[in-house]
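Presented below is the structure to which this report refers.
The values are calculated or read from the model by the stated rules, or taken from the named source; none is laboratory data. Everything numeric in this text was worked out from a predicted model, so none of it was measured. Here the Cβ positions follow ideal geometry from the backbone for every residue, glycine too, while neighbour counts run over all protein chains shown.
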Amino acid sequence: RKRIGILTSGGDCAGLNAAIRAVVYRAMGTYGWEVLGIRQATLGLLANPPQVMPLEIEKVDALLTAGGTMLGTTNKGDPFAYPMPDGSLCDRSEEIISNYHQLGLDALIGIGGDGSAAILRRLAQQGNINLVAIPKTIDNDVGVTEHSIGFDTAVNTATEALDRLHFTAASHSRVIILEVMGRDAGHIAISAGIAGGADIILIPEITYTIDQVCHKIKERQEQGKNYCLAIVSEAVRTEDGESVMNTNRLGQSRYGGIGQYLADEICHRSGAETRVTVLGHIQRGGTPSPLERVTAAAFGVAAVDLIAEEKYDRMVTWQNRQVVSVPISDAIAQYRAVDPDGTLVRTARGLGICLGD
Ligand code: F6P
C-alpha cells in the first residue's frame, strides 16, 4: 500500500481541483493507496510540522467544478532561493526533502508549469523523491503537451469577454482593448482573439507598430465599421524592442500597463475614443470548462498509473489525442511560444486580423 503526496505549484487556474480529484479517485479507488495533500506547494513541506491533509474520496467528490486549488499554491516557493526576512536568499531544499521522507511518502505528484517542474525535479534528484509531474499553465507554453490544465478555461473566459465587448464597443463607436495574461507567450490572446472575432491581436512573438494598429482602425472606419476590438497579451513589444511590461518580478504593480498605453497612443494618433478592459485574474478563476475537466481527469489518472508502474521523473502530456508521458527534463527544455508561421497566426492573417506587423 503506497502513500503518495500531491501538491499544486505556481499560479492557480481552473482545473487544478479536477486533477486532484482524479488523482484521489484513481489512487484510493483503484489502488487502495493513501493520498496526502501538501498545502501551498513546497511551502507545506517547509513548515514544522509539515502542512499536509489526508485526502479522501468524500473530500474531493464535489471538486470537479470548483476553481482554484483546495491545497493552496504559491509562486514564491523556490526552496533553493527562499526569501528570508532580511532580504537574503537561503537554500532550504534539505528541509523539504527531509519532511518528504519523514511523512513516509513513496511518490509525489507535482502539478505546475515549467518553472515548478524544474524546481521539483531538482528536489527529486537531490533527495531521492519519486516525482511525477502534471502540466498546468494558463499560458500553455509547456512545449511537450498540446494542452496544459488552465488554458482552455482562460481562453473561454477571454473569448466571452470579447463577445461582451463587441456590443458595447459597437454601441459607442469605440476602440476597446482587452488585455489578457501571457507572461512570455501569446497563446491566450491568439486563440481568444480568433474565437472572439477581434480585429487586432497583439502577441509577444510578433512585434507591433502603433502605425499598423492605427492603420487597421482607419481601414475599418473606411469600411463603415464604427468600432474596433483589440486583444493584447500582457508582454507585447514594439519592433525596436520597446516594451511596456506590466510584469514586475519584484511583485509590484502589474497588469493594466500595456492596454492603457495602447489606448492612449491610439487615441492620440487616430482620435478614436478608446477604452481598456484588463481581464486579470478573472481568466485564472472560475469553473473549469468541460475540456479542462477532461484534460485534468486524464492527467490525474495517468499520473497515478505511472506511479503504479514505478515510472518516475516523468510528466504526463497530451499528444495526438492521447496522454503519453515524457521525461520531465524534456518538459523543462521545450518551451513553446506561439509559432509566428504556425496555423493560428496564418488563420488570423487569413481572416484579415491585424497582428500589428
Ligand atoms: O504564468 C501564468 C500567469 O498567469 C502569467 O500569464 C501572468 O503573468 C502571471 O501568471 C501572473 O501571476 P501572479 O499574478 O499570480 O503573480
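Things worth noting here:
Per-residue answers, yes or no, for (1) within 16 Å of the ligand (Cβ to nearest atom); (2) in contact with a Phe, Trp or Tyr (Cβ under 9 Å, 6 or more places away or on another chain); (3) among the charged types (D, E, K, R); (4) at pLDDT below 90:
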position: M245; (1), (2), (3), (4): yes, no, no, yes
position: R275; (1), (2), (3), (4): no, no, yes, no
position: V278; (1), (2), (3), (4): yes, yes, no, no
position: V294; (1), (2), (3), (4): no, no, no, no
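- All positions within the stretch 97-114 that are surrounded by fewer than 16 Cβ atoms within 10 Å (Cβ to Cβ) and under 19 Å from A81 (Cβ atoms): S98
- Scanning the stretch 197-210 for residues that are modelled with pLDDT of 95 or more, surrounded by 22 or more Cβ atoms within 10 Å (Cβ to Cβ) and not acidic (D, E) returns A198, I200, I201, L202, I203.
- The stretch 134-171 - residue that is more than 16 Å from the ligand (Cβ to nearest atom) and small (G, A, S) and, of those, farthest from R314 (Cα to Cα): S171
- Residues in the stretch 1-48 that are surrounded by fewer than 24 Cβ atoms within 10 Å (Cβ to Cβ), within 16 Å of the ligand (Cβ to nearest atom) and on the phi < 0 side of the Ramachandran plot: G11, D12, L43.
- Filtered residues of the stretch 305-320 (kept if over 22 Å from the mean Cα position of the chain (by Cα), buried (at least 17 other Cβ atoms within 10 Å of the Cβ) and among the aliphatic types (A, V, I, L, M)): L306, I307
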